[in-house]
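Peer 1: Let me give you the structure first, and then I'll get to my questions.
The values are calculated or read from the model by the stated rules, or taken from the named source; none is laboratory data. Owing to the predicted nature of the structure, the values given are computational and were not obtained by experimental measurement. All Cβ positions, glycine included, derive from the backbone under ideal geometry; neighbour counts span all protein chains shown.
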Amino acid sequence: MILFLAVNLAAVTLLTGVAAVVCALCGIDLTAALGDGAFAGLFVFSFIFGMAGSLISLLLSKTMVKAAMKCRTIDGSEGEAERWLVATVEDLARRANLKTPEVAIYPGEANAFATGAFKNSALVAVSTRIMEQMSKEELRAVLGHEMSHVANGDMVTMSLAQGVINTFVIFFSHVLASVVQAAMENRRDEERRRGRGNYWLYHMMVQLFQMVFGLAAAVILMWYSRKREFAADEGSARLLGTPGPMIAALRRLNNLQPGVLPDSIKAFGISGGWSSLFSSHPPLEERIQALMNLPPA
């Protein structure tokens, strides 16, 4: 999730920066639209570039995460553990009416993830430590959780939500930059009132506001991500026919030391206080309680 957001932010920043340069070279002044009150054109611009940034991060998600997490794709011929892992994913994919995703193993603490732009071209990966520290039944539940993410199309819906939020981030960044610039300038004539007197200052402020608003937008996306985790837990319970294995897996994760997240992103997993707003996963205790409250199948 953090990698997805980082790629999205980089894509949006690059796209809008390139747009600013192209507009300057072509003599097109986006700030003039604000001066004339023509917000519709600015909103269309924001929507195009906002959705483009989100789609780029979605399409690159599998390639980027495989490289970042040092994933090793397997086909089951590597050994008994790998053969069981591939066979289990194949079985869960059949139960979920999906094409079998790529299966990979990566070095790290107990964790697993699924990603990919399309349901039938996804990647499911588990860490070396989770394979060592969980029973097969617990690991099967975790794989069911990840396959539920794939079946629910969570990466796509997250990308669409990100694109909509990007649209408003870009739009209000331009609006606020125009307001701030107008307050800073003397506005002696119409040209300066429209911001043409300091075009590059305007776009520097746009980039600054995009980063600030982007941070606030991450809170919304992380809230949505936490909701999808509950749905994926429930999906695992449906695929396995019982919530017991998923409850056992979560309890196992709760007792593992060190934490379930890599050191580089561990701060994002702290529950409580402001940091919980940026957590992509709910507290394990809440997830266990939600599974225990599921009605009988």
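Peer 1: Check the stretch 191-203 and report whether any residue there is at pLDDT below 85, surrounded by 15 or more Cβ atoms within 10 Å (Cβ to Cβ) and outside any helix (DSSP H, G or I).
Peer 2: Taking every residue of the stretch 191-203 in turn, at least one turns out to be at pLDDT below 85, surrounded by 15 or more Cβ atoms within 10 Å (Cβ to Cβ) and outside any helix (DSSP H, G or I).
Peer 1: Continuing with the same structure: Listed residues F118, F113; which is among the aromatic types (F, W, Y) and at pLDDT 90 or above?
Peer 2: F113
Peer 1: So, in the stretch 92-143, how many residues would count as being small (G, A, S) and in contact with a Pro (Cβ under 8 Å, 6 or more places away or on another chain)?
Peer 2: Here is the first cut: in the stretch 92-143, the ones small (G, A, S) are 93, 96, 104, 108, 110, 112, 114, 116-117, 121-122, 125, 127, 135, 141.
Among the residues that remain, those that are also in contact with a Pro (Cβ under 8 Å, 6 or more places away or on another chain) are: 93, 108, 114, 116, 121-122, 127, 141.
Here the count works out to 8.
Peer 1: If you scan the stretch 54-93, which residues turn out to be in contact with a Phe, Trp or Tyr (Cβ under 9 Å, 6 or more places away or on another chain) and among the basic types (K, R)?
Peer 2: Across the stretch 54-93, the qualifying residues are K66, K70, R72.
Peer 1: Are any residues in the stretch 29-66 modelled with pLDDT of 85 or more and in contact with a Cys (Cβ under 9 Å, 6 or more places away or on another chain), and if so, which ones?
Peer 2: Across the stretch 29-66, the qualifying residue is only V65.
Peer 1: May I pose another question? Search the stretch 137-186 for residues being farther than 22 Å from M222 by Cα and among the small types (G, A, S), and hand back the single one that is surrounded by the fewest Cβ atoms within 10 Å (Cβ to Cβ).
Peer 2: Only one residue fits best here, namely A183.
Peer 1: Return yes or no: is T115 closer than 29 Å to L215 by Cα and of a type in the set (S, T, N, Q)?
Peer 2: In short, yes.
Peer 1: Further question on the same structure: If only one of I130, I105 is within 17 Å of M246 (Cα to Cα) and in contact with a strand residue (DSSP E or B) (Cβ under 9 Å, 6 or more places away or on another chain), which one is it?
Peer 2: Among I130, I105, only I130 is within 17 Å of M246 (Cα to Cα) and in contact with a strand residue (DSSP E or B) (Cβ under 9 Å, 6 or more places away or on another chain).
Peer 1: Conditions: (1) polar (S, T, N, Q); (2) farther than 30 Å from F49 by Cα; (3) surrounded by fewer than 16 Cβ atoms within 10 Å (Cβ to Cβ). S121 meets all but one. Number of the miss?
Peer 2: Unmet for S121, out of (1) polar (S, T, N, Q); (2) farther than 30 Å from F49 by Cα; (3) surrounded by fewer than 16 Cβ atoms within 10 Å (Cβ to Cβ): (2).
Peer 1: Next question. Is it true that some residue in the stretch 214-221 is more than 24 Å from G153 (Cβ to Cβ), modelled with pLDDT of 90 or more and surrounded by fewer than 19 Cβ atoms within 10 Å (Cβ to Cβ)?
Peer 2: no
Peer 1: In the set A104, A81, A93, which member is more than 29 Å from G214 (Cβ to Cβ) and touching a Cys at 6+ places or on another chain (Cβ under 9 Å)?
Peer 2: One residue alone meets the criteria, A104.
Peer 1: Please verify whether A96 is under 24 Å from V142 (Cα atoms) and either of a type in the set (D, E, K, R) or touching a residue at least 40 places away in the same chain (Cβ under 8 Å) (or both), treating the condition exactly as stated.
Peer 2: When the stated conditions are applied, A96 passes them.
Peer 1: Shifting gears a bit: Of the residues that make up the stretch 230-237, is at least one surrounded by 13 or more Cβ atoms within 10 Å (Cβ to Cβ), closer than 22 Å to D154 by Cβ, at pLDDT 85 or above and among the charged types (D, E, K, R)?
Peer 2: yes
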